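Chemist: Okay, here's the structure, questions in a sec.
The values are calculated or read from the model by the stated rules, or taken from the named source; none is laboratory data. Every value quoted in this text rests on a predicted model; they were computed, and no experiment measured them. Cβ atoms come from the backbone with ideal geometry, glycine included; neighbour counts cover every protein chain shown. For accessibility, only protein heavy atoms count, side chains too; no ligands or nucleic acids. Shrake-Rupley method; radii C 1.70, N 1.55, O 1.52, S 1.80 Å.
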Amino acid sequence: MKLNLPYFLILLNINIQPIYGLLPIHGLRPFLYLLTILLTIYYFLSHRSEFSLIRRYKPFYIYSCLLIYHCINCYVQQVPLGEDTSGNYFYFFLQFFPNLCVLFLTYVTFIKDEKRTLKLLLYAFSFYMLLAFSQVTPEEGTGRLISSDIHPNMFAQLAGIGLMLGLLYNSFCLHSKLMTIAVWVLPVASILGCGSRNGLSLLFLAITAFFVSNIISTGINYKKVASFILALFCISFIIIYIINNTEVGQRMVDMQSKANEYEMHTGTILDILGEREVYYILGWYNFVSNPVFGIGLRNFAYYNNFIHPLHSEYMIHLCEGGFVGAILYCRFLWDISKGLFSRIRSGLRTKGCLIVFMFIAYLFVGVTGREMYYSYFFPLLAIVSAYSNSKNSKYDNI
């Protein structure tokens with residue numbers, strides 16, 4: 001596959017973290033971030049037709065404004081920065097804009113050539129996992145795969161999204177079910193090794209997407225219903241086995257006991273989040289105290305004298321961004337959702353079903369994960385956006 005500039009930039013940006021882990025050269029990451037931004041600008045200036053695709057899609061304007069707002073708000077509020085940024089605001093802000101580049105580039109390339117873009121993304125995600133496996137070691141006491149630069153949650157989230165991309169690639173390229181299984185081996189090994197609940201949830205969503213999309217592809221009949229029931233039994237057996245015999249399963253069982261560490265119980269559905277409930281409770285108090293502009297991006301840990309940064313995409317925009325950040329983010333999601341629902345009303349086929357599940361996966365991870373920080377979420381958003389916004393007849397039957 002010829003690796004032209006947009007594909008190279010997507011591949012590079014998704015793998016900056018494991019590349020830096022392999023080559024920990026001082027200043028390498030900001031150099032690669034800046035290189036991605038400059039080359040993306042060059043690409044769109046020299047390809048006006050591709051730039052017009054971005055220019056006409058309103059949700060990307062909104063997300064760009066959201067990102068710029070968070071950076072300005074963070075600087076104005078003089079949020080303390082951690083050692084990983086050396087207290088440098090420019091370096092901290094720099095990491096977000098290559099993600100925006102990945103969003104734009106994947107959107108354009110997917111519209112032009114879906115199969116080639118999906119193949120490139122599978123290469124990029126697989127390369128990340130292979131590089132990560134070369135760096136991680138089992139954590140003492142838990143056995144979770146971890147390194148100084150790659151957190152197990154990051155590793156597992158990327159692997160879970162890789163599963164979704166593998167399903168979609170298989171659907172576009174009409175590979176056999178055996179090929180689908182082969183595409184899943186590396187991501188599933190990553191998820192189980194990392195012991196991440198987010199990763200495991202993405203695995204279950206991918207399995208569900210696989211069966212639901214296959215039922216939709218040929219319509220419902222008795223054989224399909226019987227196969228689906230059998231699949232549910234198999235999935236249930238797999239879930240029970242994972243919960244009883246893996247680190248990630250044990251972490252799911254222990255969620256409530258970990259919540260006791262913070263002595264926070266609301267008697268609401270938030271209690272099922274375990275120790276992640278604290279981010280919603282403290283985050284809500286922070287928002288009420290600072291409703292318009294919030295407390296500033298990445299300020300949760302410093303503001304509350306808390307050991308961890310905020311782990312919820314929704315609370316990042318509400319608590320740290322206030323009304324302004326929350327409204328921008330909700331409008332971004334609403335515009336994509338509106339286009340997606342419009343596509344669904346015109347009929348849902350296999351590929352469309354998988355893309356809907358990809359958007360559900362994004363929304364789900366945002367409950368307990370930070371998404372705006374990591375590049376591997378943005379190809380997913382780009383593909384959903386391309387499907388939602390397309391008026392081209394090539395999408396009518398997918």
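Chemist: So in segment 172-192, with the set limited to residues that are surrounded by fewer than 24 Cβ atoms within 10 Å (Cβ to Cβ) and small (Gly, Ala, Ser), which one is modelled with the highest pLDDT?
Modeler: Taking the candidates together, the pick is ALA189.
Chemist: Any residue at all in segment 278-289 that's open to solvent by less than 40 Å² (accessible area, probe 1.4 Å) and of a type in the set (S, T, N, Q)?
Modeler: Yes, that holds for at least one residue.
Chemist: Taking segment 108-151 as the region of interest, how many residues are open to solvent by less than 40 Å² (accessible area, probe 1.4 Å), outside any helix (DSSP H, G or I) and of a type in the set (S, T, N, Q)?
Modeler: Of the residues in that region, 2 qualify.
Chemist: Still on this structure, I have one more. Select from segment 302-322 the residues that are more than 22 Å from the chain's Cα centre (by Cα) and closer than 20 Å to TYR373 by Cα and write down the one among them that is least open to solvent (accessible area, probe 1.4 Å).
Modeler: Among them, the one singled out is GLY322.
Chemist: Still on this structure, please answer the following. Quick check on ILE146: is it among the hydrophobic types (A, V, I, L, M, F, W, C) and over 30 Å from CYS173 (Cβ atoms)?
Modeler: Yes; evaluated as a whole, the condition is true for this residue.
Chemist: Given the residues ARG276, ARG251, which is the only one that is closer than 25 Å to GLU139 by Cα, modelled with pLDDT of 70 or more and of a type in the set (Lys, Arg)?
Modeler: ARG276 is the lone residue from the list that is closer than 25 Å to GLU139 by Cα, modelled with pLDDT of 70 or more and of a type in the set (Lys, Arg).
Chemist: Scan segment 13-20 and tell me whether some residue there is farther than 23 Å from LEU121 by Cα and either touching an Asp or Glu at 6+ places or on another chain (Cβ under 8 Å) or open to solvent by 80 Å² or more (accessible area, probe 1.4 Å) (or both).
Modeler: no
Chemist: Quick one: how many residues across segment 21-34 are under 17 Å from SER126 (Cα atoms) and open to solvent by 40 Å² or more (accessible area, probe 1.4 Å)?
Modeler: 1
Chemist: Out of all the residues in segment 63-73, is one or more modelled with pLDDT of 90 or more, crowded, with 17+ Cβ neighbours inside 10 Å and closer than 30 Å to GLY193 by Cα?
Modeler: no
Chemist: Still on this structure: Could you run through segment 340-396 and say how many residues are closer than 18 Å to ALA209 by Cα, open to solvent by 20 Å² or more (accessible area, probe 1.4 Å) and either of a type in the set (Val, Ile, Thr) or at pLDDT below 85 (or both)?
Modeler: 9
Chemist: Now, a different point. Which one of PHE60, PHE51, PHE8, PHE92 is touching a Phe, Trp or Tyr at 6+ places or on another chain (Cβ under 8 Å) and either within 20 Å of TYR376 (Cα to Cα) or buried (at least 17 other Cβ atoms within 10 Å of the Cβ) (or both)?
Modeler: PHE60
Chemist: Among the helices (runs of 4 or more DSSP H) contained in segment 1-93, which hold 1 or more residues that are more than 30 Å from ALA301 (Cβ to Cβ) and touching a residue at least 24 places away in the same chain (Cβ under 8 Å)?
Modeler: The qualifying helices (runs of 4 or more DSSP H) are 5-14, 28-46, 48-55, 58-76.
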